[in-house]
Structure formats: structure tokens, C-alpha cells
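**Student:** Below you'll find the structure I mean.
Each value in this text was obtained by applying a stated rule to the coordinates, not by laboratory testing. Since the structure is predicted, the reported quantities are computational estimates derived from the model, not experimental observations. FYI the Cβ positions are ideal-geometry reconstructions off the backbone, even for glycines, and counts take in every protein chain you see.
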Amino acid sequence: MIKEALQYIAGLASQKTLEINGQQYSNQSLILVKQPTPAALTVRSLSGFVDYLKSNFDQPGALMVHVESPTKVTAFTGFNEDFSRKTFVEAEALLPTIRFGQWTDVEEFNIQLQSLFHPNDTRADLLKVVGNIKEEAVQSLGDDGVSQQVTAKTGIATVATVPVPNPAVLMPYRTFIEVQQPQSLFVFRMKTGPYAALFEADGGAWKVEAMDTIKAYLLNALEEEIKDGKIVLIA
């Protein structure tokens, strides 16, 4: 019994290949011992990303820089014998959380507009509305399905019906702070409470604009490295 068991174990240890219907099969599974790859350094800004590439700290050789999204950029080498790429550095933007598509009381909505959106004329108009809306004004809110009107203060003691800006062209902080924030359309709505909400209405076009802006920033910041062939940039 011991001899038979040893022969069985020895048979398991020996690798054999079989040809069935013209295809090669193995009697054992093989696990590839992969070449080591470095852990990527994570930075939180485009300037830090550029500083690393210019420093040549790890001497990685030629790199490809890929603008993956409005919030992430990576730099990596060509693939090795295992067809794995070495990612040396990645930039991931630190961004605030903005709640689109959720009803918010006008006081909190006012704060979000001032702290999470880049200033522009539409933001100023929205602040005038939500900053002066009266609680009882919800009874006087007019709505034709597209545009709205609410009762708001227009002076020290004057109350009047004012139009609600719609669509709203706004610039929320949604990409790296070093580049201009993309401008996009939002549907602005109000309801009894009073509550306000912003709904994205550009089909994600802002993401393409943001990635193009990041690419332009990197083309300028890494101009010499790109000319020398040390870096290839794609978006």
C-alpha cells in the first residue's frame, strides 16, 4: 500500500501533456512566477505629479502618461515579459463631495453653492434666490414644468416674484484644482420646504472637457520631456 501511494504521488508530480483533437492539454495547472513591479506612488495634485516626473527620482526611463479621468492621471512603462506594466506614479484629485440630484434645505444649499462651486454669474443669481426665499413663499411657487418662479425678497422690505435660473450653467469643483473647472448645465428645481436641488443635464460632457484641460496642462508642464521622447501623453 505504501509503495502504491508513493507511486501515485510521484505520478501527480510529473507533468504530462496530451494532444486531444489537435490541442495541447496538461495534466497539471501551472502558476506563473511574475516579475516584480513597483507599488505606485500616489500624489494628490497635478503639480506633484509633474514634480515627480521631472525629478527622474526612480529613473524609470520612457513613460506613458495617461489621463484616465477628470480625477486620475497615471504614468507607466511598456509591458515586461509577463505583459505587465510598471506604474510608477498616479495623481488622484482630492475633491469635495457634492450631492447632485438630492433635495437640500435652502440654507445648506446656499452654503454648498458658496463653498463647492467656482464663482460665475449663474451662481450669483442662484444665491440671490435661495438667500432671499421666504419659508411661506413655497405657497406662491409657480412651475410650468421647465421654469419656476418663487416669491423672494427683492429689497429691504419688498417681496416680489422672481424667476428661478434654469438651465443653470455652473462650475462645481470636480477636477484637479490646478486647471479650470469645467462649465456644465444643471436643472435647478425647488419644492415646498423650501428645498432646492441640482440635476446634472450635460450627459457627462464635462468629463471630456476636464480631461482635455488636464492634457493641455501636462503638455505645457512636460513640454521638454515630451520633445525628448521621455514621455508620451494620451487622454
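**Student:** By count of other Cβ within 10 Å, fewest leading, how are 81, 209 ordered?
**Tutor:** 81, 209
**Student:** Roughly how many Å is it from the Cα centre of the stretch 180-235 to that of the stretch 43-57, as a whole number?
**Tutor:** Taking the Cα centre of each part, the stretch 180-235 and the stretch 43-57 sit 20 Å apart.
**Student:** Amide H to amide H, which residues 5 or more places from residue 233 or on other chains are under 5 Å from it, using H placed in the peptide plane?
**Tutor:** Long-range HN contacts for residue 233: 65.
**Student:** Next question, about the same structure. From the backbone phi of the stretch 167-184, what are the Karplus-calculated ³J(HN,Hα) couplings (6.51 cos²θ - 1.76 cosθ + 1.60, θ = phi - 60°) in whole Hz, Gly and Pro given as x?
**Tutor:** x, 9, 9, 10, 10, x, 7, 10, 8, 4, 5, 6, 10, 5, 5, x, 9, 8
**Student:** I've got another one for you. Exactly which chymotrypsin sites (Phe, Trp or Tyr not before Pro) in the stretch 7-94 are in a DSSP loop and have at most 13 other Cβ atoms within 10 Å?
**Tutor:** When the chymotrypsin sites (Phe, Trp or Tyr not before Pro) of the stretch 7-94 are filtered for loop state and at most 13 Cβ neighbours within 10 Å, 57, 83 remain.
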